[in-house]
Amino acid sequence: MINRARLKELHKKEEERFLSRTPKSADRFAAASEVMPGGVPMSWMAKWPGKYPLFVATAKGAHFTDVDGNEYIDLCLGDTGSMTGHSPAATVAAIKAQLERGMTAMLPTDDAVVVSSELAKRFGLPLWQFTVSATDANRHAIRYSRLITGKSKIIVIDRCYHGSVDETFATLDSAGKTVMREGNIGAPVPLDETTRVVEFNDLAGMEAALKQGDIAAILMEPAMTNVGIVMPEDGYLVAVGELAKKYGAVWIIDETHTISVGPGGMTKDLGLKPDMLTIGKAIGGGIPTGTFGMTHEIASEIAKRTSREVIDTGGIGGTLAGNALSLAAMRATLTEVLTESNFKKMIALGNRWCDGVDAAINEFNLPWYCNRLGARGEYLFQGKAAVTGKEAAAAGDFELEQYIHLRLLNDGFLLTPFHNMALMSPDTTEADVDAHTKAFREMCKELVG
Ligand SMILES: Cc1ncc(COP(=O)(O)O)c(C=O)c1O
């Protein structure tokens, strides 16, 4: 369908266009390469399309400007870290006020109570703890699950992502065995010692994995969001919860990305009853944070097995976890930015964006499919929705993706570098979305020649 020689030619043209538009980013990158491996502060920032990443001068709302003065509509939004829009006014005001009152004292502040109550209202779990990242929230939830069940392994879904958590970088090989995923760096032990992998939407596989009696927890997103979007089939999530209960495993839902469907994520929308829930990124409005919620039963099982004397040594912690600044940011973000009315607006925009993508896919007869998850949309290079992570991964096309991302970047749109995802913030406008629709159509038209 896509002529690869033509794709290469088009890509080359975009590479040249990128270089000519971004000379100052090129200079910054040369200097950065002297002091940081790959010229970036975190290794995966090297994944952006183009010869080097853009250097950002300012970001506000749904837009940012690079050091060359080029303006962009940001559909990546820090891969959900800035789903609130960049520097939302209410969060900034709360942060500024807290800056004058102390940023971290390793003691609770009033904001911690307000934030925990708000999270309880949204997700239905009564008790909350705070971390510095969603990764840490997942790590802690896993550790507590092992503690209270006395079991060693966790179940994850094939092609999941839950942050840089050792146990989760496993996949299924062609014989259905749990093995390490490609690119996994410095794993402490073989992954089949800590993890059992099952396919998404596969209840029989889930029960077979649980039946072996060694599973402490199931950690999963309610819809997969890190291999494209994969939606749960009707009844699947409720049935997973029932299986977890039947076999005595802790059911942990990770809502870090799926909060795109509304203030209480898919847990609220579908009336799910997990034992624990993790989330990070957007709830801090851009300030690093993470949190995990739990039932009274889980908290009381943990309390039975922990003692004050050694509480600072047991694999749960983070000196700056629950710091005053992040809690002030979360309070403002949850109560004033990620509100019901803003979600309504963001979800309408998400649908508008997907309508635009669908229209071009249909017009040019492309074998692609656009998935919708509230304020989030994403297209996959196959003609129908994927049912498992494996299927979604097989529909990837790195060469094509690199071209599309670079072309749209040159046209003034930033997509997330990991896949073809766009996210709407409360500051995104219909005009932003329609501009993308126009650029996306032009790109498709040129691509099919
Ligand atoms: C579902 C999910 N959970 C957790 C994380 C980890 O977030 P962080 O890298 O902020 O710790 C991610 C990151 O992409 C994620 O997608």
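The values are calculated or read from the model by the stated rules, or taken from the named source; none is laboratory data. Quick caveat: nothing in here was measured; it's all calculated off a predicted structure. We place every Cβ from the backbone using ideal geometry, glycine too, and count neighbours over all the protein chains shown. Just so you know, the surface numbers come from the protein's heavy atoms only, side chains and all, with ligands and any DNA or RNA stripped out. Shrake-Rupley method; radii C 1.70, N 1.55, O 1.52, S 1.80 Å.
Things to note:
- Per residue solvent-accessible surface (Å²) - the chain, probe of 1.4 Å: 43
- Dipole magnitude (debye, nearest 20) for the chain, charges at Cβ of Lys, Arg, Asp, Glu: 320
- Global form of segment 134-243, assessed from the alpha-carbon gyration tensor, a/c cut-off 1.5: rounded
- For segment 200-206, 3J(HN,Hα) computed residue by residue from phi via the Karplus equation (6.51, -1.76, 1.60; θ = phi - 60°) reads 5, 6, 10, 6, 5, x, 5 Hz, glycine and proline entered as x.
- Cα-based helix-to-principal-axis angle, 296-305 vs the chain, degrees rounded to 10: 60
- Exposure ranking of Glu399, Glu221 by accessible area [1.4 Å probe, largest first]: Glu399, Glu221
- Highest mean packing comes first when the peptides 163-175, 280-292, 319-331 are listed by Cβ atoms within 10 Å, giving 280-292, 319-331, 163-175.
- Dipole-positive endmost among Ser307, Gly248, Gly317 within segment 238-352 (Cβ charges, Cα centre): Gly248
- Expressed in Å, the radius of gyration and Dmax of the Cα atoms of segment 76-193 are 18.7, 58.
- Each Lys or Arg adds one and each Asp or Glu takes one away; over the other residues whose Cβ falls under 13 Å from the Cβ of Leu77, this sums to -1.
- Stokes-Einstein diffusion coefficient of segment 1-113, Kirkwood radius over Cα pairs, 4 °C, 1.567 mPa s, in µm²/s: 75
- Taking all Cα pairs closer than 8 Å and separated by 6 or more residues, the relative contact order of segment 15-163 comes to 12 percent.
- Neighbourhood charge, 14 Å Cβ-Cβ cut-off, centred on Glu9 and excluding it, Lys, Arg +1 and Asp, Glu -1: +2
- Using C-alpha pairs under 8 Å with a sequence gap of at least 6, the mean separation divided by the residue count of segment 82-182 gives a relative contact order of 13 percent.
- Distance (nanometres) between label positions extended 7 Å along Cα→Cβ at Arg305 and Glu430: 5.4
- Which of Arg308, Arg407, Arg159, Arg6 is most accessible, then next, and so on - probe 1.4 Å: Arg308, Arg6, Arg159, Arg407
- Equivalent ellipsoid semi-axes, segment 215-324, via Cα gyration tensor eigenvalues times 5, rooted, Å: 26, 21, 11
- Direction-averaged projected area, Cα convex hull, the chain: 21.7 nm², rounded to one decimal.
- Our estimate of slack between Met36 and Lys384, defined as 0.36 nm per intervening residue step minus the Cα-Cα distance, is 121.1 nm.
- Near Thr295, once Lys and Arg are set to +1 and Asp and Glu to -1 for all other residues with Cβ below 10 Å from its Cβ, the sum equals -2.
- Of Lys151/Lys246; Lys151/Lys304; Lys245/Lys281, those spanning more than 19 Å from alpha-carbon to alpha-carbon: Lys245/Lys281
- Furthest towards positive pole of dipole, Thr149, Gly163, Val189, structure part segment 146-195, Cβ charges: Thr149
- Taking Cα centre as origin and charging only the Cβ of basic (Lys, Arg, +1) and acidic (Asp, Glu, -1) residues, the dipole magnitude of segment 308-449 rounds to 280 debye.
- Mean Cβ count within 10 Å, highest first, over the residues of peptides 419-426, 205-212: 419-426, 205-212
- Where only alpha carbons of segment 141-186 are counted, the Rg and the Dmax (Å): 11.7, 33
- Most fluctuating residue given options Asp234, Asp427, Asp111, as computed from a GNM of the chain linking Cα atoms under 10 Å: Asp234
- Percent RCO, i.e. relative contact order, over the chain, from Cα pairs under 8 Å lying at least 6 residues apart: 23
- Contour minus Cα-Cα distance for Ala393 and Glu207 (0.36 nm per residue): 64.6 nm
- Charges were assigned to the Cβ only: +1 to each Lys and Arg, -1 to each Asp and Glu. The resulting dipole of segment 233-382 about its Cα centre is roughly 340 debye.
- Nearest 10 degrees, 0 to 90: helix 134-149 Cα axis against the chain principal axis: 30
- Calculated FRET efficiency for the pair Ser174/Glu446, C-beta based, R₀ 30 Å, to 0.05: 0.20
- Acute angle (nearest 10 degrees) that the helix 398-410 long axis makes with the longest principal axis of the chain, alpha-carbon atoms: 70
- Chain lengthening between Asn362 and Asp192 when straightened (0.36 nm per residue, less Cα-Cα): 56.9 nm
- Rounded to 5, percent antiparallel among DSSP beta bridges of the chain: 65
- Segment 289-361 - Debye-derived log10 I(q)/I(0), Cα point model, q = 0.24 Å⁻¹: -1.11
- The Rg/Rh ratio for segment 379-449 is 0.98, where Rg is the radius of gyration of the alpha carbons and Rh is the Kirkwood radius.
- Exposure rank, largest accessible area first [Glu15, Glu340, Glu430; 1.4 Å]: Glu340, Glu430, Glu15
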